[in-house]
Amino acid sequence: MAAMFWPVVIFMAISLCIGLYTYTQVRGSSERFTVCGKSMPFFIVGTALIAQSVDGNATLGNVSLVWSTNIWGGILIPLGLATSLIVVGRFLAAPLNEMDLMTLPEFFYRRYGKKTELLVSIITLTCFTILIAGNLSAVAWILSVVSGMSYGTSLLIATTVIVTYTMAGGLFSAIWTDIFQVHVALIGFIAGAAWLVYHYGTAPLDAAIAAGKLDLKPLSQLSGGALPNWANFISLAIGNTMALDFMERVFSAKSGRTAKNACYYAAILTLIVGGCATLMGLYAVSLVPNAENPRMVLPTLANGILPFGLGVMVFIGVLGASMSSSNGGMIVMSVVAARNLFERYRAVPVTDSQMLMWSRLMAIPTAILAGLTAYFKPEPGILLVIAFDIVFAGCVVPLIFGVHSKKATAEAAVTAIVTGTVSRLIAHFATPPEWAGLDTLLPPVLSLIAFVTVVKLAAPKELPQAVVAHGD
């Protein structure tokens, strides 16, 4: 893997330089730091959304799960992420963009009040700590593989580089580095998969079929793991509507229509790149039969099977995708901490320059928490599912009803959030192994029941003006 060392170092250095340069684009404005002044066109927003969905989980985690389990363990990750982008585009992107929000928890503040905003902020910050950890883990793993450094040292270097340019340019740093990073991943995975098909034909696919990798039992039979597979897919598809990083890019679009179309564009390319990663996992069943660790399958494929140039593109494509998602996650977490927690509960008004300073400073504890999580639980594929299980359980119902129904109330929102989150925690410990998946699917159903019940029982109350984007 030593041959990959300098391409990886150069790639990280270029990303750092681009990110540091975006400091000049912020111009002392917290709004520009947070949502780029709400001026981004279709292609830029779409590219930024792709960069958040095509991450270490949808690439490195995807390949390792296909190789170690079956095709469904891997491909359901990009399928779930693409579906979530379609759902966001169809039901949420335009109305939320038109509300001129800075963060997603701010929607809950305007729609339901301070208490609901606090709950959502805490839950989403917890969720995104896990999400960033999964991507930092992927970056550190790659760096350790090519450099020979320990995982811990690589994690420290990767986290330091990413948090540095995150603090410099905010969302500008994410978008500018995304344009560079995501296109490396797009070219690398599409060209890499095409080369494998051209060079090896269908023989590796036949071997994967013979090994049961395309068996439909994991989708159709409880004994084959259908329940957890479908639960993971639904969690990503619906729970990801609460993704802070997705929504920050939606808010940065210059119009609701731009945000909506960018979501559809990102969904298509997420499926393409994710499908190529899955295909690589299937080919690796016979081409990399004796990997010492599932996470080594893609690095081994890139370094030992693909031509050097393509291997470098795939290798640093995973690196760039993971860096992009880590960067985007750190930005939104630091801004939520500054705006929805620090500013909201501060008696003295915060100036714009102070908000910019605090938005930058909050990235430091964010990076530390995510880095520690990545150190103690370095599991990219599983971490993503866990992250969106949390918000899926309690927050999705009040978000969708809050956008599309005038009858939604603060009492119903708080009840739904508490019911879903608490039941998810209980289900984690109480669900028997043979019923794994119910712990993901049941809590949001209970959250919905609680929400609707409280709405039916509560007396209607006057809502703030210009909050509800659509009628019932």
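The values are calculated or read from the model by the stated rules, or taken from the named source; none is laboratory data. Bear in mind that the values here come from a model prediction, so they are computed numbers and not experimental data. With ideal geometry, Cβ positions are generated from the backbone for all residues, glycine too; neighbour counts draw on all protein chains shown.
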Could you please let me know if THR69 is over 27 Å from THR258 (Cα atoms), of a type in the set (Ser, Thr, Tyr) and over 15 Å from the mean Cα position of the chain (by Cα)?
-> yes
Looking at LEU236, LEU216, LEU205, LEU244, which one is more than 22 Å from ASP389 (Cα to Cα) and buried (at least 19 other Cβ atoms within 10 Å of the Cβ)?
-> LEU205
Considering only helices (runs of 4 or more DSSP H) fully contained in the range 224-328, which possess at least 1 residues that are out of contact with any Leu (no Cβ under 8 Å at 6 or more places or on another chain) and among the small types (Gly, Ala, Ser)?
-> 226-239, 256-287
Go through VAL455, VAL418, VAL422, VAL445 for me and flag whichever is under 16 Å from CYS127 (Cα atoms), free of Cβ contacts under 8 Å to residues at least 60 places away in the same chain and hydrophobic (A, V, I, L, M, F, W, C).
-> VAL422
Matching residues in the range 399-423 (in a loop (DSSP other than H, G, I, E, B) and surrounded by 21 or more Cβ atoms within 10 Å (Cβ to Cβ)) number 2
Could you please give the count of residues in the range 417-441 that are small (Gly, Ala, Ser) and either in contact with a Phe, Trp or Tyr (Cβ under 6 Å, 6 or more places away or on another chain) or under 14 Å from PHE392 (Cα atoms) (or both)?
-> 4
Do you know which of the residues in the range 247-263 that are buried (at least 24 other Cβ atoms within 10 Å of the Cβ) and not charged (D, E, K, R) is nearest to VAL87 (Cα to Cα)?
-> CYS263
Within the range 72-94, is there a residue that is under 20 Å from the mean Cα position of the chain (by Cα), buried (at least 24 other Cβ atoms within 10 Å of the Cβ), farther than 17 Å from SER325 by Cβ and among the hydroxyl-bearing types (Ser, Thr, Tyr)?
-> no
Would you mind finding the one in ILE364, ILE426, ILE368, ILE449 that is at pLDDT 95 or above and either buried (at least 24 other Cβ atoms within 10 Å of the Cβ) or over 20 Å from the mean Cα position of the chain (by Cα) (or both)?
-> ILE449
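Yes/no matrix, rows are residues, columns are (1) at pLDDT below 95; (2) over 17 Å from ILE77 (Cβ atoms):
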residue: TRP195; (1), (2): no, yes
residue: TYR200; (1), (2): no, yes
residue: LEU216; (1), (2): yes, yes
residue: SER220; (1), (2): yes, yes
residue: SER235; (1), (2): yes, no
Meets criteria (at pLDDT below 95, surrounded by fewer than 24 Cβ atoms within 10 Å (Cβ to Cβ) and farther than 19 Å from THR103 by Cα) for ALA191 = no
Out of SER68, SER64, SER39, sole residue that is over 24 Å from THR103 (Cβ atoms), surrounded by fewer than 24 Cβ atoms within 10 Å (Cβ to Cβ) and in contact with a helix residue (DSSP H, G or I) (Cβ under 8 Å, 6 or more places away or on another chain) = SER68
Selection from the range 38-66 of residues that are under 21 Å from LEU79 (Cβ atoms) and among the β-branched types (Val, Ile, Thr) | THR47, ILE50, VAL54, THR59, VAL63, VAL66
